[in-house]
Amino acid sequence: MDKPPPPSLGLLELSSVARGMEATDRMLKAAGVELVLARTICSGKYMVLVAGELEEVEASMEAGRALARESVIDHFIIPDVHPDVFPALASATPIRKKEGAIGIIEAFSVASLVEAIDRVAKAALVEMVECRLAMALGGKAYLVFTGDVDAVGYAIEAGVEVVERRGLLVHRVVIPDPRPELYETLV
């Protein structure tokens, strides 16, 4: 039987790779969290993503932010994270239904996009397809998801609200009834 995903998620986006590695160590030592992702991202930044019980994630994030205060670009904690966020971050979701619409949200910040993924997953019945976090993107991030046209439109609005609130939206698009060839570029 598969282990259920952790209930909370925290992310630090840092301007320094060295400070990012140091903060990762401090975060893991400060609380009982699971390291989801820690790596360099474009353009010379570093990201740390941890998961676990809310109190543990809060303690871990506080330790990382306190250590790397001058290097923190963005951060968040999502309590009660939607379980679809984890496979989306891994881009491990094959497309099951190739009809309806494709939704795309593109952001200037990894943190704002990951928060948007949670909001998209909670807003409508959509299928996460692909998530790219700042690699070969000049520091930007994007999410691609599918579903019926109304669900994709509703999910786009919910996810974009998070990114726009921070002033970090690059673009959003809903592609109704995409050509089959477009789906092939997403797998």
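The values are calculated or read from the model by the stated rules, or taken from the named source; none is laboratory data. Please read these numbers as outputs of a predicted model, since none were measured by experiment. Note: ideal-geometry Cβ built from the backbone for every residue, glycine included; neighbour counts use all protein chains shown.
Here are some notes:
- Filtered residue count, segment 134-157, keeping only those that are more than 14 Å from the chain's Cα centre (by Cα), at negative phi and not aromatic (Phe, Trp, Tyr): 11
- For segment 19-64, the set of residues classified as modelled with pLDDT of 95 or more and among the hydroxyl-bearing types (Ser, Thr, Tyr) consists of Thr24, Ser60, listed by residue number.
- Test: residue in segment 39-57 that is more than 27 Å from Val120 (Cα to Cα) and crowded, with 21+ Cβ neighbours inside 10 Å: no
- In segment 140-176, the residues that are at pLDDT below 90, farther than 15 Å from Arg119 by Cα and surrounded by fewer than 18 Cβ atoms within 10 Å (Cβ to Cβ): Gly167
- Looking across Val114, Val174, Val144, Val129, one residue alone is of a type outside the set (Ser, Thr, Tyr) and in contact with a Ser or Thr (Cβ under 7 Å, 6 or more places away or on another chain). It is Val129.
- Qualifying position, being of a type outside the set (Phe, Trp, Tyr), under 20 Å from Arg172 (Cα atoms) and over 14 Å from the mean Cα position of the chain (by Cα), among Gly103, Gly64, Gly44: Gly103
Residues are listed down the side, and each one gets a yes or a no for (1) farther than 16 Å from Tyr183 by Cα; (2) touching a Cys at 6+ places or on another chain (Cβ under 8 Å):
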site	(1), (2)
Cys131	no, no
Leu143	no, yes
Gly147	no, no
Ala155	yes, no
Glu164	yes, no
His171	yes, no
